[in-house]
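The values are calculated or read from the model by the stated rules, or taken from the named source; none is laboratory data. None of these values were measured; they are calculated from a predicted model. Here Cβ is always computed from backbone atoms with ideal geometry, including for glycine, and neighbour counts include all displayed protein chains. Each accessible area value is taken on the protein alone, full model and side chains, heavy atoms only, with ligands, DNA and RNA left out. Shrake-Rupley method; radii C 1.70, N 1.55, O 1.52, S 1.80 Å.
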Amino acid sequence: MRKILIIGATSAIAEASARVWANRGAALYLVGRDPARVAAIAADLRIRGAAIVAHEAQDLNDFAAHEAMLDRAALALGGFDIVLIAHGRLEDQRACEESVDLAMQEIRINALSVVAVCTRIAPRLSAQGGGTLAVLSSIAGDRGRRSNYVYGSAKALVSAYLSGLRQRLHSSGVQVLTIKPGPVDTPMTAALRKGPLWASPQSVAAGIVRGIERRRDVIYLPGFWRPIMWIVRGIPEGLFKRIRL
Amino acid sequence: MARGQPRLVCSWGNVARGTHSVYRLSSRFEDFPSLPAHTSILPFGNGRSYGDSCLNVGGALLDMRSMDRFIHFDAQRGTLRCEAGVQLGEILRIVAPAGWLPCVLPGTQYVTVGGAIANDVHGKNHHRDGSFGCHVTQFELLRSNGERLLCSPQTNSDALAATIGGLGLTGVITWAELQLTRVAGPWMAVESVRCRDLGELLALTSASSQSHAYTVAWVDCAARRKRLGRGILQRANPADDGGAARPAASRRWLAVPFTPPVSMLNPAMTRVFNALHYTRHSAPMRSIQHYQQFFFPLDGIRHWNRLYGPRGFYQYQCAVPRDGAGDSIRRLLEATAASGEGSSLAVLKFFGERPSPGLLSFPRPGVTLALDFPNRGARLERLFARLDAIVAEAGGRLYPAKDARMPASLFRAGYPQWQTFSRFVDARCSSSFWQRVMADA
Ligand SMILES: Cc1cc2nc3c(=O)[nH]c(=O)nc-3n(C[C@H](O)[C@H](O)[C@H](O)COP(=O)(O)OP(=O)(O)OC[C@H]3O[C@@H](n4cnc5c(N)ncnc54)[C@H](O)[C@@H]3O)c2cc1C
Ligand SMILES: NC(=O)c1ccc[n+]([C@@H]2O[C@H](COP(=O)([O-])OP(=O)(O)OC[C@H]3O[C@@H](n4cnc5c(N)ncnc54)[C@H](OP(=O)(O)O)[C@@H]3O)[C@@H](O)[C@H]2O)c1
C-alpha cells in the first residue's frame, strides 16, 4: 500500500492522479484550501478504492503552518512514498503587469510556497532514505514569454530549485520529479481559449503516475512538448524578443 | 471568470450538430454559470442521445462530465449518491463487485446519471422494474436563479416530476441518489428463441415477461407477408450459481477509427445481415453472459455510429399503448418493409404497468419499437411521415432521446402533460429539440 501526500489536492490534475492511486488501493492524505471540496474528494476516493483517505484544509500561503501539516500527514500515513505538489494559480498576465500586489501574490503562491514546503519535505524524505517528491512546474517556466511571464518566472524558479534539490537528494535515494505540462483543460485555464494542443487532466495524471514509476527526473506532458520547448529555448534572445508567443 | 468555449458539438446520430458556447461545471459546489444576456443553456451529459434533445445550437451547453464524484455508497442497503456527471459504467465498476447493480440500465454504459434521469431511460426489464426514475430516491436541482431544490417524492415532488424525463430543461441536476438492486454475481442466464412471425414474437415476449426479468426482441425488418415481424427474442434472468469458470467480461476490442465517406450500412447489406442473423438462431440458444456483454453489446465497438458515414443516421423509437399494440406494430413494420429503406436494426420491447415518475417520461404500458435508418434524406422523411401517422392514430408517442425530426403536433399529442411541464422550464434553459416542438405553441 503506497502512502501518498497530495498538496493542492483540489487541483483537477491532482484529483485525476489521486483517482489512479485510489484505484490501486493507496493510502492518501489530501491537503487543499476549500474544506468542503477536499472533503468531497476524499469521500470520492474512498469509494473508488483508496485504503485510507485523511484530509485537511490549509491555505498554502501560510508557510508557518506547513511543518505541523506535514507532521499530521506523516503521522496519519506513517511516512511518505510519494509527495505530489499541485497547487497553483494563473492570474491574467495583463493584470499582473498593472498591479505589483497581484504579481507578488502570483510569485508567492506559485514559487515561494513551493520552496517553503519542499524545504520542509526534503529532510523528511532524505531521512526515510527514499520516496518521491513530484512537483507541478510548467512548460511556461522554460522560457519567459510576454503572454504569461509572471506565472512563467515563478515556474522557472520551481524548476531550477528542483534541479538543485535533485542533485542534493540523489545520494539518499530520493526521486525528485519535475512535471512540465503544456496547457491543460482545468479550472485554472477556464478563461482561456482552447486549441488542439490542449491536454486533459486525465492524460496528464497518467503521465505523472508513469513518470513516478519509471523514476524519471523531468517529464514533459504530453511528451511532444520536450522537442518543442527545446526549440523555443534555442531561439536567440535577439530574435525571441521580436516574436509574439 | 469562466468563458464559453466555441465548439462544434454533434449528438450520437450525427444528424443534429452545430456550434455551441460550451461552459463547464466541475463540482456540485459551483454556481450556475453566469451567461451573456439572452443566451440560453442546456446541461450536456455524454451526448448519447441520438438527435437534438441534448443540443442547443447557437446557444450554450453546460458540460457535466467533469462533475463526477461519488458521494456516498451504502453497501449494506444498496444506495449510491453521486454527482450527476458520473457515468453508469463507472458506477458498475464500483457497485458490481459489492453485489449491486443499478435497477435500470440502457443499452450503453456511457451515459451519465444526469442524462439517464433527464430522459428517464428504460432497460430490458421495464416490464418488471419500470424506468430509471423509479429508482431515483432524491436529487438536487440547481436553477439559473441560484436556487437549489432538494427533490424527492416527499419534498418538491412537482419539480421532481418535471425533472425526471425533463430533457435538461428544468435546470441542472447536480447530484442524485439511486436505489440499487442486489445480484448474486455478474452473470446472466440468457436464452435466445427464434419466432417465425409477429404473432409468435409478441406472444412469446408477453409470456416471457412473466418468467424473465429481462426481455428484448430483435426483429428482421426485411421480412414481409407471412414472415413479417419474425425475429429473435432474447430473455434472461440473473444467474446465481457462482464458482464455475465463466467467460471473462467483454472488453472493447474494436473501434471505428474514422467516419467512412459513405454509410457502410446500406439497405442491401442490412437485408443480408438480417437474414443471416435470423438463420443462425434456428434452435434456442442458452448461454451464460457477463452483464457487460448482456446489457451493452454495442459498447464492444467504439464509435460504431461512424459506420453510418458523414450523413449520420436516425433512430425512430415509438411506444404504442397495449390495446391494439399488435396491430400498430404490424402496420409500422409493413410500412417500413414496403418503403425499401431497410432498417439496419429493429428492436422491440414491452413496457410494463409501473408508472413512470416524469411528466414527460417516454415509457408507458404497451410496446416500444426502435428502428435505425441511415440518413437518406427526403425519402426517409416520407417513410417517417407514414410511421408518424400510424403512431398518432394508435395514440402513441416518440422518444425525444432518439428524435431529431418529430413534428410539434406529434410531440404535443404524445405528451399531453407538456403544458404543465412547460411551467417548470428554467428561464435560462432551452434546447434545439424544445425550440422545435414549441415553435408557435
Ligand atoms: C448504444 C445506445 C443504446 C441506448 N439504449 C437505450 C436504452 O436501451 N434505453 C433508453 O432509454 N435509452 C437508450 N439510449 C439513449 C440514452 O440512454 C439516452 O439518450 C441518455 O439520456 C443519454 O445520456 P447522456 O449522459 O449521454 O446525456 P445527453 O445525451 O448528453 O443528454 C440527455 C439529456 O439529459 C440532459 N442532462 C444531462 N445531464 C444533465 C444534468 N446533470 N442535469 C439535467 N439534465 C441533464 C440533457 O440536457 C439532455 O436533455 C441509448 C443510446 C445509445 C447510444
Ligand atoms: N492547467 C494548466 O494548463 C497547467 C499547465 C502547466 C502546469 N500547471 C500546474 O499544475 C498544477 C495544478 O493545476 P490545475 O491545472 O490542476 O489547476 P486547478 O484545478 O485550478 O488547481 C489549482 C489548485 O491550487 C489550489 N490553490 C491555489 N492557491 C492555493 C492556496 N493559497 N492554498 C492552497 N491551495 C491553493 C486551488 O485551490 P482553490 O480551488 O481552493 O483555489 C486549486 O485546487 C498547478 O501548479 C499549475 O500551475 C497547470
Ordering B:Val262, B:Val190 from largest to smallest accessible area (1.4 angstrom probe), what's the sequence?
-> B:Val262, B:Val190
Excluding B:Ser11 itself, what net charge comes from residues whose Cβ is under 9 Å from its Cβ, given Lys and Arg +1 and Asp and Glu -1?
-> +1
Would you please calculate the Kirkwood hydrodynamic radius of region B:108-150 over all C-alpha pairs and express it in Å, rounded to one decimal?
-> 11.8 Å
Rounded to the nearest 10 Å², what accessible area does B:Met264 show when all protein chains are kept and the probe is 1.4 Å?
-> 90 Å²
Chain lengthening between B:Thr155 and B:Asn266 when straightened (0.36 nm per residue, less Cα-Cα) | 34.9 nm
log10 I(q)/I(0) for chain B, Debye formula on C-alpha points only (no solvent), q = 0.14 Å⁻¹, two decimals, reads -1.43
Per GNM of chain B with C-alpha springs under 10 angstrom, the most fluctuating residue out of B:Asp63, B:Asp74, B:Asp388 is B:Asp74
For B:His20, B:His303, give the ranking by accessible area with the largest first, probe 1.4 Å.
-> B:His303, B:His20
Given 37 °C, 0.692 mPa s and a Kirkwood radius over Cα pairs, the Stokes-Einstein diffusion coefficient of region A:3-240 in µm²/s is 182 µm²/s
For region B:1-115, what is the convex hull (Cα atoms) projected area averaged across all directions, in square nanometres?
-> 7.8 nm²
In debye to the nearest 20, the charge dipole size for chain A, taken about the Cα centre with +1 at each Lys and Arg Cβ and -1 at each Asp and Glu Cβ, equals 920 debye
Charge dipole (region A:3-240, unit charges on Cβ, about Cα centre) - positive-most of A:Val184, A:Tyr29, A:Ser172 | A:Ser172
Assuming 1.002 mPa s and 20 °C, estimate D for region A:115-245 with Stokes-Einstein, Rh taken as the Kirkwood radius over Cα pairs, in µm²/s.
-> 135 µm²/s
How much accessible area does B:Thr420 have with a 1.4 Å probe, in Å² rounded to the nearest 10?
-> 50 Å²
Give the Rg/Rh ratio for region B:149-209, taking Rg as the radius of gyration of the Cα atoms and Rh as the Kirkwood radius, to two decimals.
-> 1.22
In peptide A:193-199, what is the residue-averaged number of other protein chain Cβ atoms found within 10 Å of each Cβ?
-> 1
Using 7 Å Cα-to-Cβ label points, what is the A:Leu102/A:Ser163 separation (nm, one decimal)?
-> 3.0 nm
At R0 = 51 Å the Cβ-Cβ FRET efficiency linking B:Arg17 and A:Ala127, nearest 0.05, sits at 0.30
Ignoring ligands, DNA and RNA, what percent of the 1.4 Å accessible area of the protein assembly as shown is carbon and sulfur?
-> 54 percent
Under unit Cβ charges (Lys, Arg +1; Asp, Glu -1), what dipole magnitude, rounded to 20 debye, does chain B have relative to its Cα centre?
-> 1220 debye
The alpha-carbon center of region A:225-242 and that of region A:24-90 are separated, in whole Å, by 37 Å
Under a 1.4 angstrom probe, counting protein chains only, how are A:His66, B:His135, A:His55 ranked by accessible area, largest first?
-> A:His55, B:His135, A:His66
Area hidden from solvent between A and B (accessible, protein heavy atoms only, 1.4 Å, total, Å²) | 1500 Å²
Distance (nanometres) between label positions extended 7 Å along Cα→Cβ at A:Ala54 and B:Arg423 | 5.4 nm
Cα-Cα pairs above 12 Å in region A:132-182: how many percent?
-> 59 percent
Rounded to the nearest Å, the spacing of the alpha-carbon centers of region B:191-221 and region A:127-198 is 60 Å
Between the alpha carbon centres of region B:116-167 and region B:1-73 the gap in Å comes to 19 Å
Roughly how crowded by other chains is peptide A:42-48, in terms of the mean Cβ count from those chains within 10 Å of each of its Cβ atoms?
-> 5
Translational D in µm²/s for the protein assembly as shown (Stokes-Einstein at 37 °C, 0.692 mPa s, Kirkwood Rh from C-alpha pairs) | 120 µm²/s
With respect to the cross-link table entries A:Lys155/A:Lys194; B:Lys226/B:Lys402; A:Lys3/A:Lys194; B:Lys124/B:Lys226, which display a Cα-Cα separation exceeding 25 Å?
-> B:Lys226/B:Lys402; A:Lys3/A:Lys194; B:Lys124/B:Lys226
In whole angstrom, largest first, the equivalent ellipsoid semi-axes that the Cα gyration tensor gives for region B:307-356 are 25, 16, 7
Answer with one residue from A:Trp225, A:Asn61, A:Ala86: the one whose Cα lies farthest towards the positive end of the charge dipole of region A:3-240, charges on Cβ with Lys, Arg +1 and Asp, Glu -1.
-> A:Trp225
Tell me, what is the FRET efficiency for B:Glu353 and B:Arg93 to the nearest 0.05, using R0 = 30 angstrom and their Cβ-Cβ distance as r?
-> 0.40
Test item: Cα-centred dipole of region A:1-143, Lys/Arg +1 and Asp/Glu -1 on Cβ, debye = 760 debye
Residues of region B:9-40 losing 10 Å² or more of accessible area relative to the isolated chain, 1.4 Å probe, heavy atoms only?
-> B:Arg24, B:Ser26, B:Ser27, B:Arg28, B:Phe29
Which of B:Ala404, B:Pro260, A:Leu136, positive extreme of dipole for the protein assembly as shown (C-beta unit charges) | B:Pro260
So what's the convex hull volume per residue for the Cα atoms of region B:91-232, in Å³?
-> 144 Å³
Round to the nearest 10 and report in Å² the accessible area of A:Arg216, as given by a 1.4 Å probe over the protein chains' heavy atoms.
-> 100 Å²
